[in-house]
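Take a look at the structure below.
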Amino acid sequence: MPAALFISDLHLQSSHPRTSAAFLSFLEHHAQYAQALYLLGDLFEYWAGDDDLEDPFNARMTAAIRAVSDAGVHVYWIAGNRDFLVGSGFAAAAGATLLSEPHVATLAGRRIVLLHGDAECTKDVQYMEFRAMVRQPAWQKQFLSMPLAQRKAIIDGLRKSSREHNGEKTMDIMDVTPDAVAQVFAEHASTVMIHGHTHRPALHKVDETLRYVLPDWECDVTPPQQPRGGWIAIDARGNITRHDLNGDIID
């Protein structure tokens, strides 16, 4: 039984049924047999507020996570840049514990710092300013006071704007910066990090540190593109492995 599994960046949405099916399969065949499941942000393409739990798609995905929790798995959540408005209503429905980031977890004797990863993309000054604004409790309170339909319209506009601006940014700007990563390692006295956000899955070894980057999930692609996705696992002995969508070990 794995001590913990880690996933992020599934960007679940009703228009991507194959990705949703892959997630449900992962929960049924892998997650429910772990001791803990960590959802490290951007599980959903967007989250307009916990009152959107009534949406049939959101309700189905949330119920599937709840089934894993009901099976005895500890489910933990760290917000991403797409679903930072998840709150106590979702947590109660999903049987999940909301964590602030960075979060340090001691698993199988290893001290691991967990985060989504967007806060470490410090070269993207425009995004960092936007992030600082929308993470303020006052901003969120005002936004969540709007009608749900209005919130969704605003989010849709922001998503379109983000796609346009990201097309003008280099990968270097949208990736985490070494100084920010080093600072997280130092502040939390850890030599192992797991995060997502960048959609650039890899294992980075720098000096004595190991930084694991989770993949994004995208199964609704057309040939010759290949489905993307996978997760990271840590076993009872503290061994960390990266897995593809089939569950096979990458390294």
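The values are calculated or read from the model by the stated rules, or taken from the named source; none is laboratory data. These numbers were taken from a predicted model, which means no experiment stands behind them. Here the Cβ is made from the backbone with ideal geometry for all residues, glycine too, and neighbour counts use every protein chain on show. The protein model used for the area step is the full one, side chains on, heavy atoms only, and it has no ligands, DNA or RNA in it. Shrake-Rupley method; radii C 1.70, N 1.55, O 1.52, S 1.80 Å.
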Item to complete: May I ask you to say which residue of 211, 242 is more than 16 Å from residue 82 (Cα to Cα), touching a strand residue (DSSP E or B) at 6+ places or on another chain (Cβ under 8 Å) and without any contact (Cβ under 8 Å) to a residue 40 or more places away in the chain?
Response: 211
Discussion item. Name the residue that is modelled with the lowest pLDDT, counting only residues in region 159-187 that are part of a loop (DSSP other than H, G, I, E, B) and surrounded by 13 or more Cβ atoms within 10 Å (Cβ to Cβ).
Written reply: 169
Fill in: Condition check for residue 175: in contact with a Ser or Thr (Cβ under 7 Å, 6 or more places away or on another chain), within 15 Å of residue 121 (Cα to Cα) and not β-branched (Val, Ile, Thr)
yes
Response to the item:
Scanning region 98-121 residue by residue, those open to solvent by 30 Å² or more (accessible area, probe 1.4 Å), over 21 Å from residue 200 (Cα atoms) and either in contact with a helix residue (DSSP H, G or I) (Cβ under 7 Å, 6 or more places away or on another chain) or hydrophobic (A, V, I, L, M, F, W, C) (or both) turn out to be 98, 99, 104, 108
Worksheet, complete the sentence: Of the residues in region 20-43, those that are touching a residue at least 40 places away in the same chain (Cβ under 8 Å) and either closer than 20 Å to residue 117 by Cβ or in a strand (DSSP E or B) (or both) come to 23, 36, 38, 39, 40, 41, 42, 43
Worksheet item: Condition test on residue 57, is it surrounded by fewer than 22 Cβ atoms within 10 Å (Cβ to Cβ), part of a loop (DSSP other than H, G, I, E, B), of a type outside the set (Gly, Ala, Ser) and out of contact with any Asp or Glu (no Cβ under 8 Å at 6 or more places or on another chain)?
Response: no
Practice prompt. Would you check if residue 145 is on the phi < 0 side of the Ramachandran plot, open to solvent by 80 Å² or more (accessible area, probe 1.4 Å) and either free of Cβ contacts under 8 Å to residues at least 24 places away in the same chain or more than 19 Å from the chain's Cα centre (by Cα) (or both)?
Written response: yes
Worksheet item: What about residue 237, is it among the basic types (Lys, Arg), surrounded by fewer than 18 Cβ atoms within 10 Å (Cβ to Cβ) and more than 20 Å from the chain's Cα centre (by Cα)?
Response: yes
Discussion item. Can you go through 46, 76 and tell me which one is of a type in the set (Phe, Trp, Tyr), modelled with pLDDT of 95 or more, open to solvent by 60 Å² or more (accessible area, probe 1.4 Å) and under 25 Å from residue 201 (Cβ atoms)?
Written reply: 46
Discussion item. Please list, ordered by residue number, the strands (runs of 3 or more DSSP E) wholly in region 197-251 having 3 or more residues that are hydrophobic (A, V, I, L, M, F, W, C), at pLDDT 95 or above and closer than 17 Å to residue 110 by Cα.
Written reply: 231-234
Worksheet, complete the sentence: Given the conditions (1) assigned to a loop (DSSP other than H, G, I, E, B); (2) of a type in the set (S, T, N, Q); (3) open to solvent by 70 Å² or more (accessible area, probe 1.4 Å), every one holds for residue 190 apart from (3)
